[in-house]
Each structure stands twice: as structure tokens, then as C-alpha cells.
Amino acid sequence: LSSRFGSLRQLVEFQCSNNRISGMIPSEFGRLRRMTDLRIDSNKLSGTIPPELFDMTKTTYLLLDKNTLTGSLPSTELLQMTDLIVFRVSYNQLTGTIPTELGGMPSLLLLHLHLNQFTGPLNDTVCEAGMPYLQLDCSPLDSPPNPCNCCSACCDRSTEVCLST
């Protein structure tokens with residue numbers, strides 16, 4: 001992906017899923033203030049998720065799943081996306097804890113965090129938000145990597161199988 005995309009200030013939707021795109025997500029995407037739908041899932045994107053990406057405050061769909069993204073999720077920057085409805089980052093190599101700020105996103109209905117390398121349990125703040133579609137690595141039940149009391153589906157990292165709860 002080229003950093004030149006940042007100059008397309010009128011761009012509202014960018015859907016480029018499943019195209020074998022490689023490289024990093026340009027921080028210049030954050031300049032796309034009118035962007036409502038960014039779907040760059042199922043590619044070969046690598047590196048970290050740039051915090052500037054969350055400057056796209058009108059975004060309702062942010063699909064970054066099925067890449068090889070690393071690092072942690074930016075936490076305070078997430079709160080800028082007050083209109084976000086769908087946030088998918090599953091099937092990456094993300095690490096760190098799951099940000100409690102996800103519980104402060106009033107529009108969020110679908111959150112897929114599974115099949116990453118997050119550590120620790122899901123914070124009660126996220127559960128209290130009442131998201132109807134929340135998937136996390138909360139299986140096997142006897143020793144889950146990410147215990148979750150409110151997930152709609154629990155996934156097992158070793159088998160990559162997700163089951164509804």
C-alpha cells in the first residue's frame with residue numbers, strides 16, 4: 001500500500017480484501033478523515049497497526065484480519081473511533097493485553113480478536129459494553145489464554161477452531 005493514499009482526502013471506502021497486498025499499513029491513512037469503510041483483510045500486510053489509523057474517526061468498518069500484523073493494539077487512540085461498528089483483527093500476530101478502552105466504544109457490535117497472541121483475561125469493562133459478537137481465544141476452557149465471561153464464541157489457538165458459547 002502506498003503512502004500516497006493519504007492524499008485522497010475525499011476517499012470514503014477502500015475495499016481491497018484478499019489481494020495478496022504486502023508491506024505495511026501506511027500511517028498516512030490517518031489523513032483520510034472521511035473514510036467510513038476500510039477493508040484490507042486477507043492480505044500479506046505486516047508490521048504494526050499505526051496509531052494514526054484511528055484518526056479516521058468516521059470509520060464504521062475496520063477489517064484488518066488475516067494478515068501478519070504484529071505489536072499491540074493502540075489503546076487510547078481507539079476511543080477516537082466513536083462510530084466503529086465492526087472491528088476485526090483476528091488471525092494476526094498481535095501481542096500485549098486487550099485494551100479496556102474497547103469497552104468505551106458505544107457503537108461497536110462486532111469485535112474479533114481471536115487467533116492472535118494477546119495475553120491475560122478480557123477486562124470486565126469490555127464485557128459490560130454488551131457487544132453481541134465478541135470472539136477471543138478463550139478455549140480450551142481448562143486453561144484459556146484469554147479468559148472471557150461474555151464472548152459469543154471461544155477459539156482455540158492450537159486447533160484454530162471457534163465454537164459458539
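Worth a mention:
- Region 87-165 - charge dipole about Cα centre, Lys and Arg +1 at Cβ, Asp and Glu -1, debye rounded to 20: 160
- Accessible surface of the chain, 1.4 Å probe, proportion on carbon and sulfur as whole %: 48
- For region 16-165, averaging the sequence separation of C-alpha pairs within contact (under 8 Å, six or more residues apart) and dividing by the residue count gives a relative contact order of 15 percent.
- For region 1-114, the dipole from Cβ point charges (+1 on Lys and Arg, -1 on Asp and Glu) about the Cα centre works out to 360 debye, to the nearest 20.
- On a per residue basis, the chain carries 48 Å² of accessible surface, using protein heavy atoms and a 1.4 Å probe.
- Cα-based shape type of region 2-86, given that a ≥ b ≥ c are square roots of the gyration tensor eigenvalues and the cut on a/c is 1.5: rounded
- The helix-only estimate of mean residue ellipticity at 222 nm for the chain, built from DSSP H runs of length n ≥ 4 each weighted as -39500 (n - 2.57), is -500 deg cm²/dmol after division by the residue total.
- Three-way shape call for region 47-143 based on the alpha-carbon gyration tensor, with the a/c threshold at 1.5: oblate
- Shape category assigned to region 33-82 from the gyration tensor of Cα positions, a/c cut at 1.5: oblate
- Signed unit charges on C-beta, dipole axis of region 1-155, positive-most listed residue L109, L53, V86: L53
- In a DSSP loop and with at most 14 other Cβ atoms within 10 Å, the GluC sites (Glu not before Pro) in region 64-165 are E160.
- Between S139, C162, S7, the Cα set farthest toward the positive side of the dipole of the chain (charges on each charged residue's Cβ, about the Cα centre) is that of S7.
- For the chain, a Kirkwood hydrodynamic radius built from all Cα pairs, placed in the Stokes-Einstein relation at 25 °C and 0.890 mPa s, yields a translational diffusion coefficient of 155 µm²/s.
The values are calculated or read from the model by the stated rules, or taken from the named source; none is laboratory data. Since we're looking at a predicted model, the values are computed, not measured. Positions of Cβ are generated from backbone atoms using ideal geometry, with glycine treated the same way; all protein chains shown enter the neighbour counts. Keep in mind that these areas ignore ligands, DNA and RNA; they rest on the heavy atoms of the full protein, side chains included. Shrake-Rupley method; radii C 1.70, N 1.55, O 1.52, S 1.80 Å.
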